[in-house]
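Below: one structure, written as C-alpha cells.
Read the figures in this text as sums done on the coordinates, not as results from a lab. As the structure is a prediction and not an experimental result, all values here were calculated from the model. All Cβ positions, even for glycine, are placed from backbone atoms using ideal geometry, and neighbour counts span all protein chains on display.
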Amino acid sequence: GLCLLVLRLFIGIHVFLVSCALPDSVLRRFIVRVMCSVLGLFVRQNDPRLRDVSVRVYIANHVTQFDHNVINLLTSCNTPALNGAPGFICWSRGFMELGVTGSRAELVDSLKVYSSHRGNPPLLLFPEEAATNGRAGLLRFSSWPFSVLDVVQPVALQVQRPLITVSVADSSWITELLWTFFVPFTVYQVRWMPSVPRRAEELSEDFALRVQELLAMELGVVSTRLTAADKTEHMKRLRHTSLLPFAPGGCPGQPLAARPRVPSSLTGAAPEDVRITAMAQRVKEVLPHVPLEVIRIDLAQTNCVDTTIANLLEGRVPFFPESKEAAPDLPVPSTSQAAAASGIQGSVAVPPSKPATKQFAKSPVERHLSLQERKRALYDYARR
C-alpha cells in the first residue's frame, strides 16, 4: 500500500497536469479516465444511452469527496462550490466558483442564470450536502437544487473498495485521496435514471422528496429524514465525548460524566438477573440511603455501576432517601438531614471522632470549627 501510494502520487501529478492542459472534450475525458485507472479509480456506467442530453441538472447521491470528478469523466458537468474558500484548491478539485457567498436564494438565482446559457455544461448537484457511505440510507434532500429547473435527472452512485471503508465521517478530502491511492482499487458504479419532471403546482420540497424516494429505491437503501445539519451535530457530540476524561476503574468506554438517561418508556423493563443484583449491591454499599429498586431501574438502563452512582449523586434520578432501618445489614453512615432537604443527594457525613454539636452554634468561630471537624471526618472516611 505504501509503495502504491508513493507511485500514484507522482502519477496523480501528471493526471492533474494533463487534465488542466487539454480542453474539455471526449478525448480529454478518455485519456484522463485511462490514467485514473492506473491510480486505481475504475468508473463504470450501466447504459450511457439513458443519459438525457437535454437535461441541464443532474441530481446524485453523495458518497465520497470526488463524486463530481468521477461523473465528470463520463460527461461534461460542473458542480458549484458550496463550502470552502474560493481559490486554487477549490479550482484544482474541479469545483465551479460562482462568487456567491450569501444565502441559498442568491445561489439559486446564479444557477438559473448559468443554466439559461445553452453553451454551459449541465449542473451536477448533491442535495444531501454531506457525504455518507451510501449503504444505510440517504440524507434528506435539500429543496434548493430542485428550484433551479423543472426537469432533473437522478444519478445513482455506488462505490466499492476492498479492505478499507469507502467513506469515513469527519475525514478530510486529503485523507480520502491518500486512502484511495493506498488501496489496490476503488470502483465507482454510475447508474443513469430516467429524467424526472416537476408536476403541476408541485412545491420544491415535494419534488425533492419524490426524487429522493426514487434514488433510494434504485440504491436499495432507506430514505431518511436526517439532514446534513444532523450529521454535523452528531459528529460534534462524538468529538466531545472522545475528549472527556475516562473514569479510573469504571466501565470500558464510559466517560467520567454520566451518560444521558433514556426514558424508561423507550427502553422497556429490563429482566432482573444475578448481574444486575450484584451491581445494585455494590451501588447500595456506596449510597446506602438510596432505595434498592431505584438503583436496579437505573442499572438496567446504564449497565454500569459508576454511571449509576454519578446519576444518583448529580440528581438525575429522583428518589426518597431511606431510613437506617430500611437496610440494617449494611453500614449506614449518618446523612445530613439539611442536605437531604435541600435536594443535595448523596452528600454523606460520617460520625466524627467526637460528637458533633446538636444545636446550631451562635459564634462564627464555633461554627467554623464544627465545619472543619466534619470535613476532616469526611476526608478520613473517604481515605478508609
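Convex hull volume of the C-alpha atoms in region 27-178, normalised per residue: 137 Å³. Under 17 Å from a point placed 7 Å out from the Cα of MET235 along the Cα-to-Cβ direction: which residues of region 44-77 have their backbone N that close? Those under the cut-off are 62-68. PHE182 to ASP47: FRET efficiency via 1/(1 + (r/R0)^6), r the Cβ-Cβ distance, R0 35 Å, to the nearest 0.05? It comes out at approximately 0.65. A full extension of the chain between ARG275 and GLU97 corresponds to an added length of 58.0 nm, given 0.36 nm per residue minus the alpha carbon distance.
P(r) tail for region 272-314: Cα pairs beyond 18 Å make up 8% of the total.
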